[in-house]
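Colleague: Questions regarding the structure given below will be posed in turn.
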Amino acid sequence: MVFFIIMFSDLECDYINPIDLCNKLNQFVLPEMGFQAFLTLCFLLSGQWTALFLNLPLVAFNVQKIMNKNHMYDATEIFRTLGGHKKECFIKLGFYLVSFFYYLYRMIVALISESE
């Protein structure tokens with residue numbers, strides 16, 4: 001997500017053209033969504049209900065974007081939708097940051113309870 005935000009900033013400052021931006025970012029969109037879905041599936045199969053319910057809204061949002069065929073960046077409309085894309089990236093970055101610390105906390109709790 002940090003890479004996406006930097007690339008959007010480069011587009012705003014006219015350091016990169018819209019076609020190059022979309023070509024660079026589109027290669028990461030589906031793997032990011034696939035990894036998020038895989039992680040959520042792992043939480044479902046392992047019974048980690050809190051982490052599952054924490055991740056379900058993002059997976060539902062990603063599925064909705066794919067169903068509406070709105071998941072790829074379009075070079076012809078990127079300037080019109082740039083604000084929304086930046087907002088989405090900042091929200092996802094915040095979500096991933098909160099998730100990282102939650103997973104770190106759960107790992108530490110599991111290691112402490114295992115050693116007792």
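Colleague: Are any of the residues in region 1-13 without any contact (Cβ under 8 Å) to a residue 12 or more places away in the chain, exposed (fewer than 15 other Cβ atoms within 10 Å of the Cβ) and aromatic (F, W, Y)?
Modeller: For region 1-13, residues without any contact (Cβ under 8 Å) to a residue 12 or more places away in the chain, exposed (fewer than 15 other Cβ atoms within 10 Å of the Cβ) and aromatic (F, W, Y): absent.
Colleague: For region 58-116, enumerate the residues that are part of a loop (DSSP other than H, G, I, E, B) and more than 24 Å from K24 (Cβ to Cβ).
Modeller: Matches in region 58-116: E116 only.
Colleague: For region 23-45, name all the residues that are open to solvent by less than 50 Å² (accessible area, probe 1.4 Å) and either in contact (Cβ under 8 Å) with a residue 60 or more places away in the chain or within 19 Å of L93 (Cα to Cα) (or both).
Modeller: Matches in region 23-45: L25, N26, V29, E32, M33, G34, Q36, A37, L39, T40.
Colleague: Evaluate the following for A51: is it in a helix (DSSP H, G or I) and modelled with pLDDT of 95 or more?
Modeller: When the stated conditions are applied, A51 does not pass them.
Colleague: What pairs come up if the first residue lies in region 46-69 and is more than 18 Å from C89 (Cβ to Cβ), the second is surrounded by 15 or more Cβ atoms within 10 Å (Cβ to Cβ) and of a type outside the set (A, V, I, L, M, F, W, C), and their beta carbons are under 9 Å apart, counting only those six or more places apart or on different chains?
Modeller: So the pair list comes out as A51/T40; A51/S99; L52/T40; L54/S99; L56/T40.
The values are calculated or read from the model by the stated rules, or taken from the named source; none is laboratory data. The structure displayed is predicted, hence computed values, not measured ones. Positions of Cβ are backbone-derived with ideal geometry, glycine not excepted, and every protein chain shown enters the neighbour counts. Surface areas here come from the heavy atoms of the whole protein model, side chains and all, with no ligands, DNA or RNA. Shrake-Rupley method; radii C 1.70, N 1.55, O 1.52, S 1.80 Å.
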